[in-house]
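Below is one structure, written out as structure tokens; comments come after it.
FYI, it's all coordinate maths here, none of it is from the lab. Model, not experiment: these values are computed from the prediction. FYI the Cβ positions are ideal-geometry reconstructions off the backbone, even for glycines, and counts take in every protein chain you see.
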Amino acid sequence: MPSLAPRQGTPDPTLSEEEYRKRFLGQFEDPAFDDLRDELDRIAAAAWDAYSHHRKSPRTRKAGPGFADPDYVLSVDWLAAQEAIREAERRHEDPSGPLRILIVSGASRSEHTCPGEMSKTYRLSQVAREVFAFTPGVEVEHLDLSRLSSEYGRHIHPCKTCFSTAAALCHWPCSCYPNYSLGQTQDWMNEIYPKWVEAHGVMLLTPVNWYQVSSPMKLMMDRLVCADGGNPDPTSTHGKDAEGAKAMELEGWDYPRHLAGRVFSVIVHGDAEGAEGVRRSLADWLRSMGLHPAGAAAELDRYIGYWKPYATSHDELDHDHAVQDEVRNAARTLLEAARAQRAGGLIQAGEGLPEPRQK
């Protein structure tokens, strides 16, 4: 029998009180805080107490009915996130509601931060948005990931890869955050999960950054792992009991795909290299989660200003009417596929076949 004991041996990251206070108070270097040093010292002492006692979730309540262990206490933040997802599911399933489209703009550039200029990705997302906005019965949501770099208090914390220890240890929605003792708060994903859940169609747009998707896009992708096989009941693993979660997986795990059935479009643009590979990797990722391709016209990889100066890249987009029309066609294709899927008329050959390999 394989050992289920978690493998350990990495260096302990625990900080001394001196180093913790140095890092905590480093947030308040602005001279405006100089007259508040006594107050900040008291706040730092309280924060150190939370850190040293590992109070990840200081506000909890019993899970209640509907959970494997109703008496197990869960974070009120997680319970609120779960309820938001359930509400989004009801909106998604409501046949009388609008057709919902989610546009995700993945670039981190905006004129509100150091670059001083908007991204071409954002402009292309607006081209697509116009198609949906002028279509009756359609509700479009635009998720602009550049807010991670431009807006105070916006974070997508990195995935801790609980799934790699055991599928059951990865909770849906993610229960790793917020972690108040580590200062890992204001995580955006609890707002992002319902946007994906309520959507009937999803369009992703990203530039090519070093042969990869953008940093904000990748952060979101990694944190969506819980939507593909994640455990909707943290009480079944008593929180983060790694050994118990391993036993659950070996007993048989059904890898629930919480976003399956939605349709997708992918738009990737670059200036020199890598666009095709990024487009393919995004489409493969979405397919692996059980989302359906809207059609060939909804998947696009193009170069805008190929090997030309960055300084004139927006001018290149101004004059590239073909790529703008291709994005419009991708939006129209996604819209058509989402309508057909919702009406039960989108045929996915082989969809009902059992999968020999889950993970």
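Tabulated results
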| item | result |
| --- | --- |
| Counted charge near residue 178, where neighbours are those whose Cβ lies closer than 14 Å (Asp, Glu -1; Lys, Arg +1) | +3 |
| Relative packing of 43-51, 102-110, which averages over residues the other C-beta atoms within 10 Å, highest first | 102-110, 43-51 |
| Charged-residue dipole, Cβ positions (Lys, Arg, Asp, Glu), the stretch 182-236 about Cα centre, Debye nearest 20 | 200 |
| Sequence-distant residues sharing a close amide H with residue 264 (under 5 Å, placed H) | 202, 292, 294 |
| Sites residue 134 and residue 69 - FRET efficiency at Förster radius 35 Å, r taken between beta-carbons, to 0.05 | 0.10 |
| Residues 33, 24 arranged by fewest to most Cβ contacts within 10 Å | 33, 24 |
| Calculated from backbone phi, Karplus (6.51, -1.76, 1.60) coupling profile of the stretch 40-56 in Hz, x at Gly/Pro | 5, 4, 5, 5, 4, 5, 5, 5, 5, 4, 5, 5, 5, 9, 6, 7, 4 |
| Protection proxy ranking, peptides 190-199, 89-98, 70-79, 308-317, average beta carbon neighbours within 10 Å, highest first | 190-199, 70-79, 308-317, 89-98 |
| Point-to-point label distance, residue 185-residue 210, nm (Cα→Cβ direction, 7 Å offset) | 3.1 |
| Gained length - residue 28 relative to residue 14, 0.36 nm times residue gap less alpha-carbon distance | 2.8 nm |
| Diffusion coefficient, µm² s⁻¹, Stokes-Einstein with Kirkwood Rh over alpha-carbon pairs of the stretch 191-329 at 25 °C and 0.890 mPa s | 143 |
| Stretch gain in nm, segment residue 358-residue 329, where the contour uses 0.36 nm per residue and the Cα spacing is subtracted | 7.1 nm |
| Residue-wise HN-Hα coupling along the stretch 148-165, computed from phi with Karplus coefficients 6.51, -1.76, 1.60 (Hz; x: Gly, Pro) | 4, 9, 10, 10, 4, x, 9, 9, 10, 6, x, 5, 8, 6, 4, 4, 6, 7 |
| Sorted by Cβ neighbour density within 10 Å, fewest at the top, the residues 206, 333, 121, 60 | 60, 333, 121, 206 |
| Burial ordering of 182, 259, fewest other beta-carbon atoms within 10 Å first | 182, 259 |
| The chain - convex hull of alpha carbons, volume per residue in Å³ | 184 |
| Additional length obtainable on full extension of the chain from residue 322 to residue 38, 0.36 nm per residue less Cα span | 96.1 nm |
